[in-house]
Every structure is written in C-alpha cells, then in structure tokens.
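**Student:** Submitted below is the structure of interest, expressed as structure tokens.
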Amino acid sequence: MRRDSHSVNVEETEQHDERGQRNVLARAITGPLLFLFILGDVLGAGIYALVGVIAGEVGGAVWVPLLVALAMALLTATSYAELVTKYPRAGGAAVFAQRAFRKPLVSFLVGFSMLAAGVTSAAGLALAFSGDYLKAFIDVPTVPAALVFLLLVGLLNARGIKESMRANVVMTAVEVTGLVLVVVLACIVLGHGDGNLSRVVEFDAGRSPALAVLAAALLAYYSFVGFETSANVAEEVTNVSKVYPRALFGALVTAGIAYVLVGLAVSVVLPADELAASSGPLLAVVSAADVGFPSQLFSLIALVAVANGALLTMIMASRLTYGMASEGLLPRPFAKVLPRRRTPWLAIVATTAVAMALCMTGSLSALAETVVLLLLVVFISTNIAVLVLRRDSVEHNHFRAPTIFPVLALLTCVALLTQQSAATWLRAAALLAVGIVLYALSRRASRKDTAGSSVIER
C-alpha cells in the first residue's frame with residue numbers, strides 16, 4: 001500500500017468545512033476505539049444466525065466460504081480506506097457517489113440502498129432473535145414474536161437511545177465471549193475423543209465444491225458487512241489517515257479469524273445437516289458439546305448479540321431516513337421529531353413498519369441475501385468511485401489502494417450478484433422502486449416550494 005506524496009497533514013486541513021465554518025466535531029475516536037467500533041459492527045448477529053444456513057449450502061467445510069467472504073470484504077474495504085482518508089469529512093457511500101458521478105438520482109439510490117439494507121437486515125435479525133435462541137426461554141411462533149420484537153425496538157428507538165463507545169465495547173465483549181466459548185467447547189469435545197475433525201473438509205456431495213463455496217460465500221458475506229458504517233465517523237477520528245486503515249483492516253481480519261475458528265468448531269461438533277436444521281446453530285453446538293455449560297446462558301448471550309445488532313441497525317436506518325428527509329431527498333414529514341424526546345418519530349414508525357412487513361416476506365437466509373444484494377449496489381458504486389476520483393487530488397496524505405484491488409472488488413461483487421435468486425432480486429427491486437417514488441415526490445414538493453417562493457418574492 002502506498003500513500004499520496006503530499007506533505008500537508010489532514011489534521012491541519014480539516015479545521016474548517018467547505019463553507020469556511022470551523023469543524024465542531026471533536027476528534028476523540030482513537031485507533032483502539034475505532035477498532036472496537038468496527039469490530040462490534042462486524043461481529044455478532046450474522047455468525048450467530050447464519051452459520052447453520054452456510055453449512056446447509058456448503059457442507060462441513062463451513063470455514064471455506066467464511067474465508068472467501070473475508071477476502072472479498074477486504075478488497076472493497078481498500079476502496080473505503082482510500083475514500084474515507086481522502087475525504088475525511090464525507091458522509092459515506094452516497095457522498096462518494098455524488099463526488100464521482102455528479103448525478104443526484106445515482107447518489108440517492110446508493111444512499112437509499114444503504115437504508116433499505118439496514119431495514120431488511122433488522123427484519124432478518126428479528127427472525128433470528130425469535131428462533132431457537134428465544135425458544136430456550138419461551139416457545140412462541142417465530143414471525144409473531146419477531147413482529148413484537150421489532151415493535152419493542154421501535155419504542156426504544158423513539159424513547160431515545162444514546163449510544164457510546166463504552167456501550168459498544170461492552171456489547172462487543174459479550175459477542176466475542178460467546179464465539180470464544182464455542183471454539184473452546186469444540187476443543188474440549190475433541191479432547192474427550194468425540195467430534196469429527198474430518199468434517200471440516202467435507203463439501204456438499206450434491207454440487208461442485210466451487211459452486212457450493214460461492215453460494216455459501218454470498219451468505220457469509222452478510223457476516224462481514226457493517227464495516228462501511230465506519231465512514232460516518234471519519235470526522236471524529238484522530239489522525240484519520242493513519243488510524244482508519246489500520247483499524248479497518250485490523251478489525252476485519254480479527255473478525256475473519258474468529259469466524260474461521262467458529263466455522264471449524266461447529267463442524268467438529270455437529271454434522272452439516274444438524275446445523276442447517278437449527279435457527280440457533282451455535283446453541284445447538286453448545287448443547288451437543290454436553291460439558292455442563294447452561295444452554296440458557298448461551299442463549300442469553302446470543303440474544304444480546306442479535307438484539308444489539310437489530311437495535312443499532314434500526315437507529316441507523318431511522319436517522320438516515322431523517323437525514324435524507326431533512327436534505328429534501330425524502331418527503332419532508334419524515335424529518336418530524338417528538339417535541340420532548342427529539343427523536344425522529346415518523347422515520348422510526350416508517351422504518352419499523354417496513355421491517356415488520358419484510359419479516360413476512362421470507363426466511364432469514366432470504367432476507368440476508370437481499371441485504372447483500374442491496375449492499376453490493378453500494379459497494380459497486382464505491383469501487384467505481386474510487387477509480388473515478390483518482391483524478392481529484394487533495395493536499396493531505398491519505399491511504400491509496402493498488403488499482404488492482406478495486407478492480408478485483410468489482411469482479412467479486414458481480415460474481416456475488418450472479419448467485420442471487422429471482423425472489424431476492426424482486427424484493428430488492430420493490431424496495432428501490434419505493435425509494436424512486438419517494439424521491440420523485442420529494443423533488444415535486446421541492447419544485448412547488450421553489451415556485452411558491454418565487455411568487456411571493458414577485
């Protein structure tokens with residue numbers, strides 16, 4: 001990796017914004033805090049919910065698609081590292097798209113794809129929450145329980161949730177503890193002479209290994225997404241040009257190592273068909289290990305991981321809806337806030353309602369595939385943007401990815417798109433169609449406001 005040769009430091013150039021106003025956000029996020037922020041975003045819900053579905057696709061070699069997905073995620077991460085350090089005041093993929101393509105509709109669709117992916121992800125996590133992990137405490141139908149869960153998340157969101165780095169550290173510790181426990185239990189099982197180590201190299205006999213790995217990697221990719229949200233805190237990172245790439249790649253590699261170890265562990269303890277049959281696959285592993293660890297305690301760890309992921313995702317989705325409405329990209333009413341709580345209540349109602357509707361349109365794996373498809377749209381835009389913006393020079397040092405990396409990232413995104421089912425394309429297209437309608441309504445309202453202002457002035 002190499003850096004631009006400009007000698008001006010980003011800390012010196014970012015004291016004022018483009019309008020000459022002083023930067024009001026404190027650069028308080030250090031390297032370790034950013035590392036934990038990204039790690040907490042990536043770890044947890046995906047692996048807790050989807051490792052069984054991955055096993056159903058590939059067989060016992062669960063670790064292989066997880067490793068492939070890590071490599072794919074790292075390629076796109078190099079594009080984010082370059083753009084975030086080059087434009088540390090930018091707001092993420094939608095802003096990168098606007099800088100590169102200068103087409104408002106394109107940047108809107110990129111931003112709305114992020115929003116739609118967040119809502120769809122929350123719907124999938126609600127189904128995961130309401131499966132076998134919840135059934136360890138109470139046996140209730142999955143979909144109704146998921147709807148109640150999303151309603152409670154929406155109420156918490158409306159009441160006012162103040163996240164902090166300290167809270168994220170605690171939640172990340174809980175999630176990592178559960179994953180480490182699974183790996184330790186697998187080692188104990190092997191030490192007792194039980195388990196089957198040969199399963200870790202077994203592939204589904206009904207299809208070619210390459211196709212099985214690619215199909216499973218599509219689902220495994222869901223477990224690595226989340227790193228892209230770190231672009232939104234770039235302005236608050238100390239020495240962003242050095243800190244951000246290290247934290248980003250360090251967190252992804254750490255998560256990848258954890259996931260590969262978990263993939264090996266689950267296959268040692270249980271065959272692929274038993275993993276695939278459970279909506280709480282890691283709980284099934286803990287139970288099968290039979291070493292006296294309370295199943296309900298592990299279920300609680302898993303529920304914390306999944307619930308935290310869903311809550312943070314819905315907070316992001318509602319705030320993104322609010323922000324887009326404030327900028328006139330979505331209908332203005334979505335920017336309404338509660339008088340006392342100062343939370344965007346209509347945006348929360350809308351995103352919660354959409355997530356609840358999505359819960360009834362498919363399984364966890366189907367919703368995860370939809371999330372990946374929507375994010376692939378975002379990643380394709382970002383990987384193209386990093387190449388287009390190479391002609392735009394800046395006066396501070398920043399990370400620069402070798403050109404082959406974004407090119408390979410584009411190829412991997414296209415390869416993953418080919419694995420999507422027609423139903424997944426239809427669900428994603430329906431969500432984007434809703435976005436285009438809302439965009440058209442917003443533009444129409446904006447033109448009316450402009451025309452009204454002109455009449456008043458005359």
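**Student:** Could you please find all residues in region 326-354 being touching a residue at least 60 places away in the same chain (Cβ under 8 Å), closer than 23 Å to Ser107 by Cα, in a helix (DSSP H, G or I) and open to solvent by less than 60 Å² (accessible area, probe 1.4 Å)?
**Tutor:** Ile348, Thr351
**Student:** Another question, then. Does region 28-39 contain any residue that is closer than 22 Å to Leu389 by Cα, open to solvent by 10 Å² or more (accessible area, probe 1.4 Å), of a type in the set (Phe, Trp, Tyr) and outside any loop (DSSP other than H, G, I, E, B)?
**Tutor:** no
**Student:** Now, a different point. Evaluate region 378-385: report whether one residue or more is at pLDDT 90 or above, within 23 Å of Thr229 (Cα to Cα) and touching a Pro at 6+ places or on another chain (Cβ under 6 Å).
**Tutor:** Yes, because at least one residue in region 378-385 is at pLDDT 90 or above, within 23 Å of Thr229 (Cα to Cα) and touching a Pro at 6+ places or on another chain (Cβ under 6 Å).
**Student:** Another question, if that's okay. Which of the residues belonging to region 238-289 are of a type in the set (D, E, K, R) and over 27 Å from Phe35 (Cβ atoms)?
**Tutor:** Asp273, Glu274, listed by residue number.
**Student:** Moving to a separate point now. Among the residues of region 134-146, how many are surrounded by fewer than 16 Cβ atoms within 10 Å (Cβ to Cβ) and in contact (Cβ under 8 Å) with a residue 60 or more places away in the chain?
**Tutor:** Qualifying residue count, region 134-146: 2.
**Student:** For Gly362, are the conditions met, namely being closer than 25 Å to Ser121 by Cα, open to solvent by less than 50 Å² (accessible area, probe 1.4 Å), small (Gly, Ala, Ser) and outside any helix (DSSP H, G or I)?
**Tutor:** The answer is yes for Gly362.
**Student:** Residues of region 188-197 being in a helix (DSSP H, G or I) and in contact (Cβ under 8 Å) with a residue 24 or more places away in the chain, which ones?
**Tutor:** Those that are in a helix (DSSP H, G or I) and in contact (Cβ under 8 Å) with a residue 24 or more places away in the chain: Ile188, Val189, Leu190, Leu197.
**Student:** Please verify whether Ala210 is open to solvent by less than 20 Å² (accessible area, probe 1.4 Å) and either in a helix (DSSP H, G or I) or modelled with pLDDT of 90 or more (or both), treating the condition exactly as stated.
**Tutor:** So Ala210 does not fit the description; no.
**Student:** Please work out which residue is farthest from the chain's Cα centre (by Cα), limiting yourself to region 382-425 and to residues that are among the hydroxyl-bearing types (Ser, Thr, Tyr) and open to solvent by 10 Å² or more (accessible area, probe 1.4 Å).
**Tutor:** The selected residue is Ser393.
The values are calculated or read from the model by the stated rules, or taken from the named source; none is laboratory data. This one's a predicted model, so the numbers in the text were calculated from it and none came from an experiment. Using ideal geometry, Cβ is built from the backbone for each residue, glycine included, and neighbour counts are taken over all protein chains shown. Please note that ligands, DNA and RNA were not included when accessible areas were found on the heavy atoms of the full protein model with its side chains. Shrake-Rupley method; radii C 1.70, N 1.55, O 1.52, S 1.80 Å.
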